[in-house]
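The values are calculated or read from the model by the stated rules, or taken from the named source; none is laboratory data. In this text the structure is predicted, and so the values were computed from the model without any measurement. Glycine also receives a Cβ, built like all others from the backbone with ideal geometry; neighbour counts cover every protein chain displayed.
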Amino acid sequence: MRCHFTLIIMLSGIANTLWSQNPQGEIGGFEYSVIPDIGDTQIDKYTANLNFGTRLGKGMVGFGVSYTLYDFLYKKDSFIDFDLAPYERIHNIRFRLFYRYMINDSWSGNIMFSPVISSNLEGSLSSNDLIINSILSVSKRWGNNETFSILTFGLGFGTPFGEPQFFPAISFRKKINSNWNYILGIPETSINYNHGERHTFSGKATFNGLFGNASSSAILPDSSLQTNTKLQYNSLNTGIQYNYRIQPNWTTTISLGYTPWNQLKILDNDNNELYDIGSDSSFYISMGLKFNLNKTINENKK
């Protein structure tokens with residue numbers, strides 16, 4: 001494991017839409033996770049985040065910035081027919097703009113625009129390093145602050161499933177009472193239990209995707225050179241998470257889980273498969289620290 005810091009907003013895809021349902025949050029955080037073995041490959045990911053949100057007229061506007069480093073540790077003897085050096089580190093620099101407009105007390109329209117630089121940053125930046133993620137959706141809310149339901153549906157484009165593509169933006173969030181709530185959706189489903197003000201337990205299933213450009217030249221098994229090849233990584237993460245609020249603004253988090261499905265491939269510049277690195281199921285662990293600037297403000301409003 002190598003010591004790196006990463007800036008990432010841990011909300012992606014539909015999670016951005018769900019985050020928008022709570023416009024009070026100015027949130028920052030750090031997280032480290034490791035998947036030790038998905039078939040002769042270890043993946044380390046180092047994370048941190050920063051979000052800003054504020055009300056604007058009848059709606060809410062949000063802004064986020066992130067940087068993510070994926071560190072792939074390949075067992076060299078297993079991949080002697082392919083030079084994997086260009087794919088050892090992939091950087092994600094992400095910006096997010098979000099706007100929600102309240103149509104009435106129950107309905108709202110949501111738009112999220114998120115340009116991402118995803119690259120090994122070993123060559124000059126180009127359009128091949130840029131991916132545009134976006135979501136356009138509509139939300140319907142029932143209930144009050146104590147018990148409510150939110151249905152969100154729409155269409156997204158981005159990388160939660162690897163290669164940039166359109167995907168359904170669907171989620172249903174239900175707050176049962178002050179202790180229990182759940183989210184059913186794509187790419188994340190979860191159930192959450194709050195025990196007092198300090199403890200939160202969650203069970204989650206989440207699809208994750210990475211589509212990184214190798215801006216440097218890659219040497220193929222036939223000794224030819226290609227530029228702007230891609231590393232595509234997809235996974236389904238299932239697990240449990242525990243959050244402990246150590247004081248009004250700071251929360252620690254730890255997650256333990258299992259990835260029953262992983263996919264790791266190298267593609268050419270036309271997204272045709274060049275090499276299947278191979279992957280198996282694996283356990284994972286992640287640890288982090290979150291900071292909520294508005295926690296004290298929210299408590300004073302109660």
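Taking strands (runs of 3 or more DSSP E) that fall entirely within the stretch 175-276, which contain at least 2 residues that are more than 27 Å from SER118 (Cβ to Cβ) and without any contact (Cβ under 8 Å) to a residue 60 or more places away in the chain?
Output list reads 180-186, 188-195, 199-214, 229-247, 250-267.
Taken over the stretch 169-214, the criterion of being surrounded by fewer than 17 Cβ atoms within 10 Å (Cβ to Cβ) and acidic (Asp, Glu) is satisfied by GLU197 alone. When residues in the stretch 161-174 are screened for being assigned to a strand (DSSP E or B) and either of a type outside the set (D, E, K, R) or in contact (Cβ under 8 Å) with a residue 40 or more places away in the chain (or both), 9 of them pass. Of (1) of a type in the set (A, V, I, L, M, F, W, C); (2) at pLDDT below 95; (3) farther than 21 Å from LYS204 by Cα, TRP107 satisfies all except one. Which? With respect to (1) of a type in the set (A, V, I, L, M, F, W, C); (2) at pLDDT below 95; (3) farther than 21 Å from LYS204 by Cα, TRP107 is out only on (2). Any residue at all in the stretch 14-33 that is crowded, with 21+ Cβ neighbours inside 10 Å, modelled with pLDDT of 95 or more, aromatic (Phe, Trp, Tyr) and in contact with a Leu (Cβ under 7 Å, 6 or more places away or on another chain)? So far as the stretch 14-33 goes, no, none of its residues is crowded, with 21+ Cβ neighbours inside 10 Å, modelled with pLDDT of 95 or more, aromatic (Phe, Trp, Tyr) and in contact with a Leu (Cβ under 7 Å, 6 or more places away or on another chain).
Each row is one residue, and each column tells you yes or no for (1) more than 23 Å from SER106 (Cα to Cα); (2) modelled with pLDDT under 90.
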| position | (1), (2) |
| --- | --- |
| SER149 | no, no |
| GLY154 | no, no |
| PRO160 | yes, yes |
| PHE166 | yes, no |
| LYS174 | no, no |
| SER178 | no, no |
| ASN192 | yes, no |
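Condition test on ILE117, is it modelled with pLDDT of 95 or more and either in a strand (DSSP E or B) or farther than 30 Å from PRO221 by Cα (or both)? Considered against the rule, which asks whether it is modelled with pLDDT of 95 or more and either in a strand (DSSP E or B) or farther than 30 Å from PRO221 by Cα (or both), ILE117 comes out as yes. For ILE132, state whether it is at pLDDT below 95 and either closer than 14 Å to THR152 by Cβ or under 23 Å from the mean Cα position of the chain (by Cα) (or both). Yes. Only residues that are touching a helix residue (DSSP H, G or I) at 6+ places or on another chain (Cβ under 9 Å) and either free of Cβ contacts under 8 Å to residues at least 60 places away in the same chain or farther than 28 Å from ASP71 by Cβ (or both) were counted in the stretch 117-132, giving 1. Check whether at least one residue in the stretch 216-234 is hydroxyl-bearing (Ser, Thr, Tyr), crowded, with 20+ Cβ neighbours inside 10 Å and under 18 Å from SER190 (Cβ atoms), and report yes or no. Checked against the condition, which is being hydroxyl-bearing (Ser, Thr, Tyr), crowded, with 20+ Cβ neighbours inside 10 Å and under 18 Å from SER190 (Cβ atoms), the stretch 216-234 yields no hits at all. Looking across the stretch 144-162, the residues that are surrounded by 15 or more Cβ atoms within 10 Å (Cβ to Cβ), touching a Lys or Arg at 6+ places or on another chain (Cβ under 9 Å) and not small (Gly, Ala, Ser) come down to PHE148, ILE150, LEU151, THR152, PHE153.
Residue-wise test of (1) touching a Lys or Arg at 6+ places or on another chain (Cβ under 8 Å); (2) closer than 29 Å to GLN165 by Cβ; (3) not basic (Lys, Arg).
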site	(1), (2), (3)
ILE176	no, no, yes
ASN179	no, no, yes
ILE186	no, yes, yes
PHE207	no, yes, yes
THR229	no, yes, yes
THR238	yes, yes, yes
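Do we find a residue being touching a Ser or Thr at 6+ places or on another chain (Cβ under 9 Å), part of a strand (DSSP E or B), over 21 Å from SER190 (Cβ atoms) and touching a residue at least 40 places away in the same chain (Cβ under 8 Å) anywhere in the stretch 104-111? Yes: the stretch 104-111 contains one or more residues that are touching a Ser or Thr at 6+ places or on another chain (Cβ under 9 Å), part of a strand (DSSP E or B), over 21 Å from SER190 (Cβ atoms) and touching a residue at least 40 places away in the same chain (Cβ under 8 Å). Applying the condition of being more than 14 Å from the chain's Cα centre (by Cα), hydrophobic (A, V, I, L, M, F, W, C) and in a strand (DSSP E or B) to the stretch 91-103 and asking which residue is surrounded by the fewest Cβ atoms within 10 Å (Cβ to Cβ) yields LEU97. Across the stretch 273-294, the qualifying residues are those that are closer than 25 Å to LYS230 by Cα and among the polar types (S, T, N, Q), and the one among them that is surrounded by the most Cβ atoms within 10 Å (Cβ to Cβ) is SER279.
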